[in-house]
Amino acid sequence: MILVDTGVWIDYFNGRETIHTDKLDSSLVEGIVAMGDLIFLEILQGFRGEKEFRKAKSTLLTLEQYGMFDNNMALKSADNYRALRKSGITIRSTVDVIIATFCIEHQLPLLFSDRDFVPFVKKLGMPSVLAET
């Protein structure tokens with residue numbers, strides 16, 4: 001299984017063709033895409049039209065669902081954020097820290113296009129779907 005970050009999903013729903021959306025498309029066909037609750041929330045918040053919202057919601061609910069956050073993950077996420085900050089890297093989004101930490105803890109590869117995930121791959125061993133990150 002893999003997780004896919006919100007930015008890739010946004011590009012996918014907007015019909016943008018990138019290496020990331022192509023990989024998402026092929027992974028959906030393979031049946032290896034799971035959905036994290038925080039990612040689900042971020043995606044659904046972005047839809048303005050009711051029709052698109054309902055279609056995305058019903059599509060995303062067909063994926064295997066993961067609850068990503070609890071007290072244990074809060075502590076691990078804080079540790080990871082602090083470890084990166086000590087090495088001079090500040091991550092802009094708390095949600096990205098949680099997503100990355102969840103992937104690290106569960107050894108779930110993440111498909112992402114957001115540069116904030118790169119330090120998690122390089123410094124903390126987060127598995128990435130695409131090797132060029």
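Only the coordinates and a few stated rules stand behind these numbers; no lab work does. Bear in mind the structure is a predicted one, so any value in this text is a computation, not a measurement. All Cβ positions, even for glycine, are placed from backbone atoms using ideal geometry, and neighbour counts span all protein chains on display.
Annotations
- Residue in segment 96-106 that is touching a Leu at 6+ places or on another chain (Cβ under 8 Å) and either without any contact (Cβ under 8 Å) to a residue 60 or more places away in the chain or of a type in the set (Lys, Arg) (or both) present: yes
- Lone qualifier among 89, 19, 10 - being closer than 17 Å to residue 113 by Cα, in contact with a helix residue (DSSP H, G or I) (Cβ under 8 Å, 6 or more places away or on another chain) and in contact (Cβ under 8 Å) with a residue 12 or more places away in the chain: 10
- Any chance residue 96 is surrounded by fewer than 18 Cβ atoms within 10 Å (Cβ to Cβ), under 17 Å from residue 2 (Cα atoms) and within 12 Å of the chain's Cα centre (by Cα): no
- Residue within segment 98-107 that is of a type in the set (Asp, Glu) and more than 25 Å from residue 19 (Cα to Cα) present: yes
- Flag if residue 4 is in contact with a strand residue (DSSP E or B) (Cβ under 6 Å, 6 or more places away or on another chain) and over 15 Å from residue 62 (Cβ atoms): no
- Taken over segment 115-133, the criterion of being buried (at least 19 other Cβ atoms within 10 Å of the Cβ) and in contact (Cβ under 8 Å) with a residue 40 or more places away in the chain is satisfied by 117, 120, 129.
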